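Okay, structure first, notes after.
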Amino acid sequence: MSDRDERLVGKRGRRGDLTRKVRGETRYTDDIKLPRMLHAKLVRCPHPHARITQVDATRVLADPNVVAVITGRDLPRRFGIIPWTPDEYPLALETARFVGDAVAAIAALDERSADEATRRLDITYEVLPHALSLDEAERKVEVGLGANRKDNVSKRVDLSFGDVDAALAASDVVLEGEYYFEGTAHAPIETHCAIAQYAGDGLLTVWSSTQVPHYLHRELSRVLAVSPARIRVIQPPVGGAFGGKSEPFALEFAAAKLAMVTGRPVKILYTREEEFYAHRGRHPMAMRYVVGATKDGSLTAVDAKTRIDGGAYSSFGLVTTYYSGQLLTLPSFAPNYRFSSVRYFTNKPPCGPKRGHGSVQPRFAFECMLDRIAEQIAMDPIELRRKNAVGADSTVNGFRVTSNGYLECLARVEEASGWKERRGKLGRGRGLGVASSAYISGTNYPIYPNEMPQSAVQLKVDRSGVVTVFNGASEIGQGTDTLMATLVADELGLDLGAVRVVSADSDLCPVDLGAYSSRGTFMNGNACIAAAREIRQKLVQAVAAKLEVAPRDVFVSRGFLCAVGKENEAVPVTEAIVLAESRFGTLGATGWYKSPPKLGGDYRGGTIGASPAYSFTAHVAEVTVDERTGVVEVVKVWCAHDCGKALCPTLVDGQIEGSVYMGIAEALLEEHVIDNRGLHRGPNLLDYRIPTSLDVPDIASILVESHDPEGPHGAKEAGEGPLHSSIPAVANAIYDAVGIRLDRLPFSPGRVLAALRAERPEARRTALGGT
């Protein structure tokens, strides 16, 4: 394009779906109403661990409003998002493994009748021993939740790089620390919902608020024993997911089976309480770190031991266990590293991926350790991170780094926050803290091994000038549809209003693997540009023929195609489309993306955590601490994020602000706690505390553009990376404010007061007016 000011890429603008959402025109899954539709509810186990000895539906089926009842015997095939660990039944077949495990489903004429019927289904249980904590899972091997039934181990990973023991022995400073990250929930505004319709011609259609329609399509086919050619999965707009909808759930299988049994459409909508028990939220982790350094601030070695509470089933747990160690080696790290991570099954709601999957917890621990190292050797924490920054080559565990804006991120937050002038000088009760992180731009390999593209796009060009993007990617609120429209309009010189996006419909769209691991911008963006450039080439050739110039002399501007030396004969894009269709026939194109081969280390598990590109982030947080009440307030957060290239800066700002919001929520408020009976402490949005708009701190979003050579126009991820280091930045700011190190999340008033008493008992009594 001749004039950069005419580019849509890199310009600020509104989301394409904003007006529809504000006007209430967006139709989510629960808004869909089909003729003769039944409503179903799941019957859930009331025990942490129990054998199902009998299910008697006699009383339920006597109700004229009840149409059908199914149990685990009707769905006897296991499923799981990771093909090596399929350990769940849609409805528990013989054994239920946590309070809330689904054991039956009831379809009725209306939702209330279905709900009332769940309390009349007669189920006999044999209560079994259970484990409800990491310590119990480690100690009570007789519970037998593991694959071999001899222990409760889900996955164990032990990896070592370099001579850690020798490096620690030669260090001038060696510090140890223990940290605990409590589990948290996704808490999306829209709970899970699924509708299934089984047509007379044998076509099964499932509408679901999923963020992985392709994987859902595969698992429905396998579990229901229905050809994938006879299944259609449609993902309507999703009202929040954050990783919590990135695998199949019981409701999708149950709705599908009930639709097949009854011949009528069936809807299942989770209540807020069910949402908390279905879970798949952030794993609780107990972490022990040993970190060595020299007096000049060079890190020498890191030794990490992590115990992970996985809940009742595997979910993404195999990946989580690797991520807890593999994703720590950027952006500042040591040349010697060893980690041992063990994921345990417990009789709690299963954990899974939440924004920043598997690496938010260790990032909290490690960045707090770096602050302690800096204090021990009297070095500025930002300077320590600069000194140990990993370059744009590869990591200690063999991950390729193609672009790296980390040092600029540090410099930008340092300057914006007034770090040098203000840190340690704000007076007692107010402080600044820094932390940094890195994250993947999509996983390098698909969840199930195959050599096919990981993302694909099809374009249909109408002679009216409208271009339709058929895109398999999942729009879950992050702005993927807007991004695709922007990329196509930018390449073809169209206005955004001339580009339509149809996404996440298995009958209409090519395969994309889903909205997880921050893969959308990088992978889907590359696929979209490839398709758009194929169309662009045809437009250029057609216009070159009309103007009698070489194709290389034709360029695209906003609304027109022009030729060098013939600027006064510009051809409107709509006319160029007609010329191209006349010359080449009906216009259409496909684009696809597949990550480069052989990324990652040459060892078992070396590909888990490998990515075509990594984003980088630095946070500075400013907090106040009330020493009388223990209340921590985050006043402001500066977040500099290296997104490669901000294709849609407004969307990137939104992702940064949303990530910081979630990080602050986990730092100060959120706890997904299961008591000693297996019950959630507060499965509602009153007791499970998340910030309201009034609680959000001032957030300064700073965009750093390092231009990745393989990203679409140089872009990388921005959806998850900006969360990680917000949490340790708050922890380190609390230390700067009042001199206490907090090693357990969240930083509740009670924990703050306890730490203050332990650190300064005499001063604490004085502050409270004691003697």
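The values are calculated or read from the model by the stated rules, or taken from the named source; none is laboratory data. Since this is a predicted model, take the numbers as computed values, not measurements. No Cβ is skipped: glycine too gets one built from the backbone with ideal geometry, and neighbour counts run over all protein chains shown. Areas reflect the complete protein model, heavy atoms only, side chains present, ligands, DNA and RNA absent. Shrake-Rupley method; radii C 1.70, N 1.55, O 1.52, S 1.80 Å.
This model, with +1 at the C-beta of Lys and Arg and -1 at the C-beta of Asp and Glu, gives the range 403-526 a dipole about its Cα centre of some 940 debye. The residue among 399, 688, 60 whose Cα reaches farthest toward the positive pole of the charge dipole of the chain, with charges on the beta-carbon of Lys, Arg, Asp and Glu, is 60. For the listed peptides 513-520, 731-738, 301-308, a ranking on the average number of other beta carbons within 10 Å per residue, highest first, reads 513-520, 731-738, 301-308. Averaged over its residues, the range 186-341 has an accessible area of 23 Å² per residue, based on protein heavy atoms and a 1.4 Å probe. Once all protein chains are placed together, residue 648 keeps about 20 Å² accessible to a 1.4 angstrom probe. Taking the charge dipole of the chain about its Cα centre, with +1 at Lys and Arg Cβ atoms and -1 at Asp and Glu Cβ atoms, the residue from 496, 673, 562 reaching farthest to the positive side is 673. Within the chain, DSSP assigns beta bridges of which about 80% are antiparallel (rounded to the nearest 5). Extension gain for residue 549-residue 165 works out to 131.3 nm (0.36 nm per residue, less the C-alpha to C-alpha distance).
Given R₀ = 25 Å, what would the calculated FRET efficiency be for residue 18 paired with residue 464, taking r from the Cβ atoms and rounding to 0.05? That pair, residue 18 with residue 464, gives E of 0.50. Using a cut-off of 21 Å between Cα atoms, the listed pairs 41/155; 594/716; 387/645; 155/716; 354/716; 387/716 include 41/155; 387/645; 155/716; 387/716 as exceeding that distance.
Suppose every Lys and Arg Cβ carries +1 and every Asp and Glu Cβ carries -1, with no other charges. What dipole size does the range 395-439 come out with about its Cα centre, to the nearest 20 debye? Walk me through the numbers before you get to the answer.
On the way: 8 positive and 4 negative charges, 59 e Å.
So the magnitude is around 280 debye.
Taking other residues whose beta carbon is less than 9 angstrom from the beta carbon of residue 238, and scoring Lys, Arg as +1 and Asp, Glu as -1, yields -1.
Of the listed peptides 96-108, 574-586, 269-281, what is their order by residue-averaged count of other C-beta atoms within 10 Å, with the highest listed first? Before the final figure, lay out each step's value.
Numbers: 96-108: 26.9, 574-586: 16.6, 269-281: 21.0.
In descending order of packing, they fall as 96-108, 269-281, 574-586.
Stokes-Einstein, applied to the Kirkwood radius of the range 431-484 over Cα pairs at a viscosity of 1.002 mPa s and 20 °C, places its translational diffusion at 141 µm² s⁻¹. Per atom type, the range 204-363 shows carbon and sulfur on 55% of its accessible surface, probed at 1.4 Å. Charging the Cβ of each Asp and Glu at -1 and of each Lys and Arg at +1, and nothing else, the dipole of the chain about its Cα centre rounds to 820 debye. Couplings for the range 30-44, taken from phi via the Karplus curve 6.51 cos²θ - 1.76 cosθ + 1.60 with θ = phi - 60°, read 5, 7, 7, 10, 10, x, 6, 6, 8, 10, 10, 9, 8, 8, 10 Hz in order; Gly and Pro are left as x. Normalised per residue, the accessible area of the range 634-767 is 35 Å², obtained with a 1.4 Å probe and no contribution from ligands, DNA or RNA.
Rounded to whole Å, the principal axis extents of the Cα atoms in the range 92-235 read 73, 38, 34, largest first.
A viscosity of 0.692 mPa s and a temperature of 37 °C, combined with the Kirkwood radius over Cα pairs in Stokes-Einstein, give a translational diffusion coefficient for the range 150-191 of 210 µm²/s. Residues whose amide H falls under 5 Å from that of residue 67, counting only those 5 or more places apart or on a different chain, are 107, 108, 109, with hydrogens built in the peptide plane. What residue among 467, 646, 220 has its Cα farthest toward the positive end of the dipole of the chain, where the charges are +1 on Lys, Arg and -1 on Asp, Glu, each on the Cβ? Looking along the dipole axis, the top candidate is 220.
Surface composition of the range 536-694: carbon plus sulfur atoms hold 51% of the accessible area, using a 1.4 angstrom probe and ignoring ligands, DNA and RNA.
For 384, 703, write out the residues from largest to smallest accessible area, computed with a 1.4 angstrom probe and no ligands counted. Walk me through the numbers before you get to the answer.
On the way: 384 0, 703 40 Å².
These residues rank, largest area first, as 703, 384.
Estimated at the nearest 10 Å², the accessible area of residue 593 is 20 Å² with a 1.4 Å probe.
Measuring r between the beta carbons of residue 568 and residue 77 and using R0 = 60 Å, the FRET efficiency lands at 0.30. The calculated FRET efficiency for residue 744 paired with residue 201, based on their beta-carbon distance and R0 = 51 Å, is about 0.35. Along its three principal directions, the equivalent ellipsoid of the range 649-759 from the Cα gyration tensor extends over semi-axes of 31, 19, 13 Å, largest first. Largest accessible area first, the residues 693, 160, 615 order themselves as 693, 160, 615 under a 1.4 Å probe with ligands, DNA and RNA left out.
How much length is gained on full extension from residue 586 to residue 156, taking 0.36 nm per residue of separation minus their Cα-Cα distance?
Numbers: separation 430, 0.36 × 430 = 154.80 nm, distance 5.46 nm.
Additional length available on full extension: 149.3 nm.
Ranking of 637, 564, 226 by solvent-accessible surface, largest first: 564, 226, 637 (1.4 Å probe, protein heavy atoms only, all chains present).
Calculated [222 nm] ellipticity per residue, helices only, for the chain: -8000 deg cm²/dmol; basis is -39500 (n - 2.57) per DSSP H run with n ≥ 4, divided by all residues, nearest 500.
For the chain, complete DSSP H runs whose alpha carbons reach 27 Å or more along their own long axis and whose mean Kyte-Doolittle score is 0.0 or higher are 525-547, 649-668.
Once all protein chains are placed together, residue 44 keeps about 60 Å² accessible to a 1.4 angstrom probe.
Across the chain, C-alpha contacts under 8 Å between residues 6 or more apart give a mean separation that, scaled by the residue count, equals a relative contact order of 16 percent.
Residues whose amide H comes within less than 5 Å of that of residue 346, counting only those at least five positions distant or on another chain, are 310, 311, 312 (H built at 1.01 Å from N in the peptide plane).
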